[in-house]
Amino acid sequence: MADEIHHPHDLMVRAVLSDLVEATSFLQRHLPQEVSQALNWSTLTLLEGSFVDEDLRASEADFLYEIERLSGAESVWIYVLLEHQSTPDRWMRFRLLSAPLWRHVRVRLRRQSRRRT
């Protein structure tokens, strides 16, 4: 997450979604019911770091959570990217393809596969 807060509502969003009780409530409300019911919410953890490009950190906040499945299968990640803006941006969905995020995913997957062998 970015260190500089340029707008008061950014501080509120970061505080709320950094609190695991509040994040749980937010995610349970916004994820599809089938997904939400398959997760062990008591295991939700906020992972360190930000995957937003440096030049976008003034206007975006991102959160990466890890949570276990009730089935006992491998844990899953939930990535939340928020941006406060006054007009719609049709390219917003492509920011999820951020290279830093996918590098992190590849590294974590490699570590997990090594632990299994």
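The values are calculated or read from the model by the stated rules, or taken from the named source; none is laboratory data. These numbers come from a predicted model, not from an experiment.
Values for this structure:
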quantity: Set Arg95, Arg90: member being of a type in the set (Lys, Arg), over 20 Å from Leu11 (Cα atoms) and at pLDDT 75 or above; calculated: Arg90
quantity: Yes/no for Asp3 being modelled with pLDDT under 80 and not in a helix (DSSP H, G or I); calculated: yes
